[in-house]
Amino acid sequence: MKIAIDCRYLGKSGIGRVCQGILDNIDYKAHEYYLIGDEKKLAQYSEAHIVSDSTSPFSAKGLFSFHKHINKKCDCIIIPNFIIPYGIKIPVYSVVHDLIFLDMPKITTKGFIDYRIKKMLLKRCMKKSVKIACVSDFTRERCGYYFPKYVDKCYVNYVGLSKEVLGFNTNGIKKTDTIIYVGNVKPHKGLKTLIDAFHMIPEGKYKLKIIGEKDGFITGMNTEDLMSDDVVFTGYISDEALLSEIASASFLVQPSLYEGFGAPPLEALHLGTQPIISDIPVFKEIYGDLPVIFFKCGDKDDLKDKLLQAPEFIDSKKLSRADKYSYVLFAEALVKNIQVYY
């Protein structure tokens, strides 16, 4: 088969990691691949055909500038998100991460028109896709809630541990009195709950490291709450540095109000670090049988109490969940669901 993949998401937070996970784990000898995206970012995938496209998949230009010659060259296309460009005539296999735009519109959309556009694009994805990979059963359930007519197209395909995480050597890395947060600054990530809880624990007990893009971190927060020598904003750091930070931390805290999957706690477990996570449904699904510490979502007092507990020793050798959560399995399932129709 000749399979196209929309790779314009590379480098764009969570979806970009999923896109990279697909590209790093597909068998380029089994099928012929056409990768659409930035030539420099795709240069390492020399076994595939590169279709240069520097447009943003989130822009109007990116939505209407599909390379129509792909319709003649390829049998189908994989879209690692719900935004399907116009002009595609071949079968589409998409990935839906979450439906937060519909579940929490007040904090994720810019008014009624933006909400309607996102809902229209989600419905179009459901209608046009042959199969839809949902990154959790929670996401599949939300697809069925909003689009019951198309839920039979949806199947659960867990993302998980990347090759970088699985191959990372933690030998020689010592634990520090550090609490780490990894992620963006969108309101549903619950960062304010963590900041508030952190300032309630004894001063000097821990240092809090917030890893991600620095711009916008104080949006919606009292800047005085962030004035502390014990709070460090690292900004963007390399993957290797990030994994070292996670491995050396006492806790990784994921205080999310909403997620479609939420990979950092899984990475922390594999690297031997104790996660503290909110008790949202998807985290109960993914982490319910793993040694994480749950706190009541949005409750800074409960999170504070959990931060004052001693972290457990995490034996990563006994907890590797690559048999269930890995991009190897994710990529294999994507291709298998395509092969069913050919």
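A quick yes/no check of all residues on (1) hydrophobic (A, V, I, L, M, F, W, C); (2) under 25 Å from the mean Cα position of the chain (by Cα); (3) not in a strand (DSSP E or B):
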position: ILE15; (1), (2), (3): yes, yes, yes
position: VAL18; (1), (2), (3): yes, yes, yes
position: GLU47; (1), (2), (3): no, no, yes
position: SER54; (1), (2), (3): no, yes, yes
position: GLY62; (1), (2), (3): no, yes, yes
position: SER65; (1), (2), (3): no, no, yes
position: LYS72; (1), (2), (3): no, no, yes
position: ILE77; (1), (2), (3): yes, yes, no
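Residues that are out of contact with any strand residue (DSSP E or B) (no Cβ under 7 Å at 6 or more places or on another chain) and among the aromatic types (Phe, Trp, Tyr) were ranked within segment 42-91; the one that is surrounded by the most Cβ atoms within 10 Å (Cβ to Cβ) is PHE66.
Of the residues making up segment 122-178, those that are over 17 Å from ILE286 (Cβ atoms) and of a type in the set (Ser, Thr, Tyr) are SER129, TYR145, TYR146, TYR150, THR170, THR176, THR178. Residue-level check: of (1) closer than 27 Å to SER256 by Cα; (2) out of contact with any strand residue (DSSP E or B) (no Cβ under 7 Å at 6 or more places or on another chain); (3) crowded, with 19+ Cβ neighbours inside 10 Å, LYS123 misses just (3). Picking from residues in segment 216-264 that are at pLDDT 95 or above and among the charged types (D, E, K, R), the one that is farthest from MET104 (Cα to Cα) is GLU245. Checked against (1) part of a helix (DSSP H, G or I); (2) farther than 19 Å from CYS7 by Cα; (3) in contact (Cβ under 8 Å) with a residue 40 or more places away in the chain, TYR155 passes all but a single condition, namely (1). Among the conditions (1) crowded, with 23+ Cβ neighbours inside 10 Å; (2) part of a helix (DSSP H, G or I), ASP196 misses just one, which is (1). Residues that are in contact with a Phe, Trp or Tyr (Cβ under 6 Å, 6 or more places away or on another chain) and modelled with pLDDT under 95 do not occur anywhere in segment 124-133.
Across segment 318-329, what is the number of residues that are within 12 Å of ASN157 (Cα to Cα) and either surrounded by fewer than 17 Cβ atoms within 10 Å (Cβ to Cβ) or at pLDDT 95 or above (or both)?
Residues in segment 318-329 being within 12 Å of ASN157 (Cα to Cα) and either surrounded by fewer than 17 Cβ atoms within 10 Å (Cβ to Cβ) or at pLDDT 95 or above (or both): 1 in total.
Scanning segment 14-59 for residues that are within 17 Å of ASN81 (Cα to Cα) and β-branched (Val, Ile, Thr) yields ILE15, VAL18, ILE22, ILE36, THR55. For segment 273-313, a residue qualifies if it is over 24 Å from VAL135 (Cα atoms) and either surrounded by 19 or more Cβ atoms within 10 Å (Cβ to Cβ) or not hydrophobic (A, V, I, L, M, F, W, C) (or both), and the qualifying residues are ASP299, LYS300, ASP301, ASP302, LEU303, LYS304, ASP305, LYS306, LEU307, GLN309, PRO311, GLU312.
A Cβ distance below 7 Å, combined with a sequence gap of six or more or placement on separate chains, defines the contacts here; from segment 288-312, residues that are not assigned by TED's automatic domain parsing to the domain that holds LEU271 reach no residue that is part of a loop (DSSP other than H, G, I, E, B) and surrounded by 15 or more Cβ atoms within 10 Å (Cβ to Cβ). Residues in segment 102-121 that are within 22 Å of PRO281 (Cβ to Cβ), without any contact (Cβ under 8 Å) to a residue 40 or more places away in the chain and of a type outside the set (Val, Ile, Thr): PRO105, LYS106, LYS118, LYS119.
Do the conditions hold for GLY204, that is, is it part of a loop (DSSP other than H, G, I, E, B) and at pLDDT 85 or above? Taking the combined requirement at face value, the residue satisfies it.
The values are calculated or read from the model by the stated rules, or taken from the named source; none is laboratory data. Everything numeric here is computed off the predicted structure, so don't read it as measured data. For neighbour counting, all protein chains shown are included, and Cβ atoms are generated from backbone atoms with ideal geometry for every residue, glycine included.
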